[in-house]
Amino acid sequence: MILTDQEILGSIEKGEIVISPFRRECLGSNSYDVHLGSTLAIYNDAVLDAKKHNKIKTFEIPTEGFILEPNMLYLGVTQEYTETLKHVPFLEGKSSVGRLGIDIHATAGKGDIGFCNYWTLEISVKQPVRVYTGMPIGQLIYFEVKGDLLTPYNTKPNAKYVEKVARPVESMMWKNQF
């Protein structure tokens, strides 16, 4: 089941969901709007290797915005830091963002129980589009789970995305054994 606005607020009061900064006006009927942070990143190399650490270079979005180009992968970050200790968070793009041809994630729209961090966005566009720091970029939807949890994400020894940083984080696929 998806949490309603009232259930999201109740979970925030209980400390089961943390959103910082929290702005009441960003709470929808069954979601919470998140915003594009000030930092974007692109990979240094044109060809990425799943077995190697692919480095990124980060840059700040200028006041006049930044034009995203097709056929590029940009990593972005949410302005909001979140913690989800009892529910499964899903990050989806806002319809207004989708109507501009912006995709905010390639595959990683679901978080895990115990995810405590900023969200890295995997941004691609259909045509050139100018984006701005602080623009609404997505919405978090929270799902109830059934059953007890053995290991929250933030306590897993092999969790790769636990360092709390307010910048985009590159793929850590290279840490897997394959």
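Structure notes:
- Computed from phi, the 3J(HN,Hα) profile of the range 39-52 under the Karplus parametrisation 6.51, -1.76, 1.60 (θ = phi - 60°) reads 10, 10, 9, 9, 6, 5, 9, 6, 10, 9, 10, 5, 8, 10 Hz, with x in place of Gly and Pro.
- Each Lys or Arg adds one and each Asp or Glu subtracts one; over the other residues with Cβ under 15 Å from the Cβ of Trp119, this totals -4.
- Each residue of the range 149-165 was assigned a 3J(HN,Hα) from its phi angle through the Karplus curve 6.51 cos²θ - 1.76 cosθ + 1.60 (θ = phi - 60°); the sequence is 9, 7, 9, x, 3, 6, 10, 6, x, 9, 5, 9, 10, 10, 5, 7, 9 Hz, with glycine and proline shown as x.
- Sequence-distant lysines (8 or more away, or on other chains) whose Cα lies within less than 26 Å of Lys52: Lys110, Lys156, Lys160, Lys164, Lys175
- Extents of the chain, taken as max minus min of Cα coordinates on every principal axis and listed largest first, are 44, 41, 22 Å.
- Looking at the range 104-154, the chymotrypsin sites (Phe, Trp or Tyr not before Pro) that sit in a DSSP loop and have at most 16 other Cβ atoms within 10 Å of their own Cβ are Tyr132.
- Distant-in-sequence amide contacts of Glu80, defined by a placed amide H-H separation under 5 Å and a gap of 5 or more residues or a different chain, comprise His35.
- Take every Cα pair under 8 Å whose residues are at least 6 apart in sequence, average their separation, divide by the length of the chain, and the relative contact order is 30 percent.
- Note on Phe143 and Lys156: the model spin-label points, each 7 Å out from Cα along the C-beta direction, lie 1.5 nm apart.
- Computed from backbone phi with θ = phi - 60° and the Karplus coefficients 6.51, -1.76 and 1.60, the 3J(HN,Hα) list for the range 91-101 is 9, 10, x, 6, 4, 5, 6, x, 6, 8, x Hz; x is used for glycine and proline.
- Annotation: amide H-H contacts under 5 Å for Ile56 (H modelled 1.01 Å from N, sequence separation of 5 or more, or interchain): Asn44.
- Neighbour-limited loop hits for GluC sites (Glu not before Pro), the range 40-140 (at most 10 other Cβ within 10 Å; DSSP other than H, G, I, E, B): Glu64
- Note on Phe59 and Thr107: their simple-model spin labels are 2.8 nm apart, each label 7 Å out from Cα toward Cβ.
- Debye-formula intensities of the range 27-80, expressed as log10 I(q)/I(0) at q = 0.22, 0.27 Å⁻¹, are -0.92, -1.12 (one equal scatterer per alpha-carbon, no solvent).
- Annotation for the range 1-86: trypsin sites (Lys or Arg not before Pro) lying in DSSP loop with at most 13 further Cβ atoms inside 10 Å of their Cβ are Lys14, Arg23, Lys51, Lys52, Lys55.
Each reported figure results from applying straightforward, stated rules to the coordinates on display, with no laboratory input. Since the model is a prediction, treat every value here as computed from it, not as a measurement. Note: ideal-geometry Cβ built from the backbone for every residue, glycine included; neighbour counts use all protein chains shown.
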